[in-house]
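Here the structure is laid out as structure tokens; the discussion comes afterwards.
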Amino acid sequence: MSLKILNILLADDDEDDRWLFQKALSDLKIKTNLSLFKNGKELMEHLIRTETTPHLIFLDLNMPLKNGMECLTEIRSSCNLKAIPVAIYSTSSSEKDIENTFVNGANIYINKPSNFADLKNAIDKVLQLNWQYHTSNLNKDNFLFRI
Amino acid sequence: MKIYVTFNLNITRNAILKEQLDRLGFDYTIENTQEISFKNKLTTEQQLVLAESLSTYGITIIDDQKTELVQRIKDTINEMLADEEANLYKISSYLADKLNYSYAYLSNLFSESTYTSIENFVILKKVDQAKELIANTDLTLTEIAYRLNYSSVAHLSGQFKKTTGLTPSTFQKIIKKRKEFNI
């Protein structure tokens, strides 16, 4: 069993969604360390302050104060943060939204699943894949995944 | 007299690591509480010296043989995918021959420490090659499928869609737009 722990951040303004995400994550085999944020502003303030680089950031699109798209753009234009994989975690399934997030630098797009089993499954797949990109010599520029 | 002290363990840990790593003259980044990246590969000698200096502080380098074998499996897979002749072998016999362990053992070890199977990793690698070719060349999908030893374009497209959730053409469109935006 691998000893590594994945550092994960989630920004989502919906308390229930945050709780479900946390619950799903704790049920998985992959060991993780999760930090939660209520909006994009809190997340970005944390990212600027912290010294530990997260392995993956999950971003809801619609959030007050600073939305997911604004966070994504800021992350991708910051020298220190731009290499961090970003997963968009949203209820929108509009093709235009999805393509737009990818074009702006998102690596992963997850349609928020409607039940807990699917949610667990989706997060598991995303973490596994992210792990491969983190540990193997895969081209990060081409890291795109939609689920 | 007595004085009382309190520690901020994070700072303590980083200070110790920094002091030792600087002393040995490495070019490194402390990624998080459990990970240090080095710009250059350390020699066995350097690893031993580092392990010894850190052990004074009760810090152990986790570098077991399993991790190394997993890395060798990955290297061998890359080698195999890059070599047209090797591509004709079955991955299981190729790995077993090259590494001198039974495939069952290798396969178990791999799944245990990478959260994926050897088969999935091979698919991921091949799709990664396909992505490179789609993004950086003018080859058609048929040509890419042929080059990467897929039996048909449909097979490549199917595996691509399954691995990335996107069709090759959507992928191509996104990468192209990204280049225009210069991200």
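Quickly run through segment A:121-134 and pick out the residues that are touching a residue at least 24 places away in the same chain (Cβ under 8 Å) and surrounded by fewer than 19 Cβ atoms within 10 Å (Cβ to Cβ).
Here is the first cut: in segment A:121-134, the ones touching a residue at least 24 places away in the same chain (Cβ under 8 Å) are A:122-124, A:126-128, A:130-131, A:133-134.
Listed by number, the residues that qualify are A:Asp124, A:Gln128, A:His134.
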Scan segment B:1-41 for residues that are closer than 15 Å to B:Ala51 by Cα, hydrophobic (A, V, I, L, M, F, W, C) and within 13 Å of chain A (Cβ to nearest Cβ) and jot them down. B:Leu17, B:Ile36
Answer yes or no: is there a residue in segment B:90-103 that is at pLDDT below 90 and within 12 Å of another protein chain (Cβ to nearest Cβ). no
Output the residues belonging to segment A:102-120 that are facing another protein chain (nearest Cβ under 10 Å), in a helix (DSSP H, G or I) and in contact (Cβ under 8 Å) with a residue 12 or more places away in the chain. A:Phe102
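Out of the residues in segment A:1-53 meeting the condition of being basic (Lys, Arg), more than 12 Å from chain B (Cβ to nearest Cβ) and surrounded by fewer than 14 Cβ atoms within 10 Å (Cβ to Cβ), tell me which one is farthest from A:Ile123 (Cα to Cα). Give the derivation first.
From segment A:1-53, those basic (Lys, Arg) are A:4, A:18, A:23, A:29, A:31, A:38, A:41, A:49; that's our starting set.
This time we only want the ones that are more than 12 Å from chain B (Cβ to nearest Cβ), so: A:18, A:23, A:38, A:41, A:49.
From what is left, the residues that are surrounded by fewer than 14 Cβ atoms within 10 Å (Cβ to Cβ) are A:23, A:49.
Details: A:Lys23: 11, A:Arg49: 27 Å.
Among them, the one singled out is A:Arg49.
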Those residues of segment B:8-39 that are touching a residue at least 40 places away in the same chain (Cβ under 8 Å) and under 26 Å from the mean Cα position of the chain (by Cα) come to a total of 1
Restricting attention to segment A:101-131, which residues are more than 12 Å from the chain's Cα centre (by Cα), under 13 Å from B:Leu166 (Cβ atoms) and among the aromatic types (Phe, Trp, Tyr)? A:Phe102
Does segment B:147-166 contain any residue that is crowded, with 18+ Cβ neighbours inside 10 Å, out of contact with any helix residue (DSSP H, G or I) (no Cβ under 8 Å at 6 or more places or on another chain) and not charged (D, E, K, R)? yes
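Looking at segment A:47-100, which of the residues that are small (Gly, Ala, Ser) and more than 16 Å from the chain's Cα centre (by Cα) is modelled with the lowest pLDDT? Write out each step before concluding.
Our first condition is that a residue be small (Gly, Ala, Ser); within segment A:47-100, this holds for A:68, A:77-78, A:83, A:87, A:90, A:92-94.
Next, from what is left, pick out any that are more than 16 Å from the chain's Cα centre (by Cα): A:77-78, A:93-94.
Numbers: A:Ser77: 93, A:Ser78: 92, A:Ser93: 83, A:Ser94: 86.
It comes out as A:Ser93.
For every residue, the table says whether it meets (1) farther than 29 Å from B:Ser92 by Cα; (2) assigned to a helix (DSSP H, G or I); (3) among the charged types (D, E, K, R); (4) modelled with pLDDT of 80 or more.
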| position | (1), (2), (3), (4) |
| --- | --- |
| B:Glu45 | yes, yes, yes, no |
| B:Val49 | yes, yes, no, yes |
| B:Ser53 | yes, yes, no, yes |
| B:Lys74 | no, yes, yes, yes |
| B:Asn78 | no, yes, no, yes |
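Determine whether A:Phe145 is within 11 Å of chain B (Cβ to nearest Cβ), touching a Leu at 6+ places or on another chain (Cβ under 8 Å) and either more than 30 Å from B:Ile73 (Cβ to Cβ) or surrounded by fewer than 20 Cβ atoms within 10 Å (Cβ to Cβ) (or both).
Values: within 11 Å of chain B (Cβ to nearest Cβ): yes; touching a Leu at 6+ places or on another chain (Cβ under 8 Å): yes; either more than 30 Å from B:Ile73 (Cβ to Cβ) or surrounded by fewer than 20 Cβ atoms within 10 Å (Cβ to Cβ) (or both): no.
Judged against the criteria, A:Phe145 is not a match.
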Could you list all residues from segment A:19-37 that are at pLDDT 95 or above and of a type in the set (Lys, Arg)? A:Lys23
Determine which member of the set A:Leu36, A:Leu20, A:Leu10, A:Leu28 is under 20 Å from A:His134 (Cβ atoms) and outside any loop (DSSP other than H, G, I, E, B). A:Leu10
For residues in segment B:55-72 being part of a loop (DSSP other than H, G, I, E, B) and either polar (S, T, N, Q) or surrounded by 15 or more Cβ atoms within 10 Å (Cβ to Cβ) (or both), which is modelled with the lowest pLDDT? B:Thr60
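The values are calculated or read from the model by the stated rules, or taken from the named source; none is laboratory data. Note that the coordinates shown come from a computational prediction; the quantities given were computed from them, not determined experimentally. No Cβ is skipped: glycine too gets one built from the backbone with ideal geometry, and neighbour counts run over all protein chains shown.
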